[in-house]
Amino acid sequence: MNFNSHSDAVVAVAASLINTLTEGEARGRAYVLPPAGPERREAVTAALRTGSRRAREVTDAEARELAGVATELRVVFDAIEAGDVDTAAEQVNRLIDRFHARPRLDRHDGEPWHLHFHGKGDSRSDEWAASCATGLAIVLGSELHDRLGVCTAPHCDRVYVDISRNGTRRFCSTACQNRVKTAAFRARAGRS
């Protein structure tokens, strides 16, 4: 499922930032943020590269700012999971307003002109926040808002973007899917 190439990329970055920079549970265990410093910078840079191999290394300040953005982006996924599209849309609108998101046609890396979303340009974190918010707005403004989700596996609250053809994804990863299948198999085997 493709929204459009840039939207796909920034929505994937939004999910990756949330999964990297928000505490909770992941794959059956408590998820703790990478420690501040080099580990967090590397993790955030990897999250940004989900949507752009050209993303440069982040600074400590940018990692800190993006952690705040990730918390705000998580509200969107949690609201969609709860069936509350209105709250998700209102949160996206707040982010678009706060980061002054605006569209711009760009051409780079030999690609044709395509739509990008930029912020007011005060910081790189603001630029990514504006891009992620606008990408999520495109998803929420379509009939595909249910493609945003929170893992349904026990003890996991990581988010995902369902890009499958049939739109039936329920888990953040195959590891969580396998955990659930294994538990169900063991439960059935124990009843026999």
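Quick note: the coordinates plus some simple rules give every number you see, no bench work behind them. Quick caveat, the model's predicted, so the values are computed rather than measured. Heads up, the Cβs are rebuilt from the backbone with ideal geometry, glycines too, and the neighbour counts pull from every protein chain shown.
For the reader, a short list of remarks on this structure follows.
- Cβ-to-Cβ counts within 10 Å put His155, His116, His108 in ascending order as His108, His155, His116, the fewest first.
- Between helix 5-21 and the chain: long-axis angle, C-alpha atoms, 0 to 90°, nearest 10: 60
- In the chain, the calculated helix contribution to ellipticity at 222 nm averages -17500 deg cm²/dmol per residue, counting -39,500 (n - 2.57) for every DSSP H run with n ≥ 4.
- Across the chain, C-alpha contacts under 8 Å between residues 6 or more apart give a mean separation that, scaled by the residue count, equals a relative contact order of 25 percent.
- With Cα atoms, 0 to 90° folded angle of helix 174-191 axis to the chain main axis: 10
- Alpha-carbon Rg with Dmax, taken over the range 93-192, Å: 19.2, 63
- Taking the C-alpha atoms only, the angle from helix 60-81 to the longest principal axis of the chain is near 60 degrees.
- For Ile80, Ile96, order by how many other beta-carbon atoms lie within 10 Å, fewest first: Ile96, Ile80
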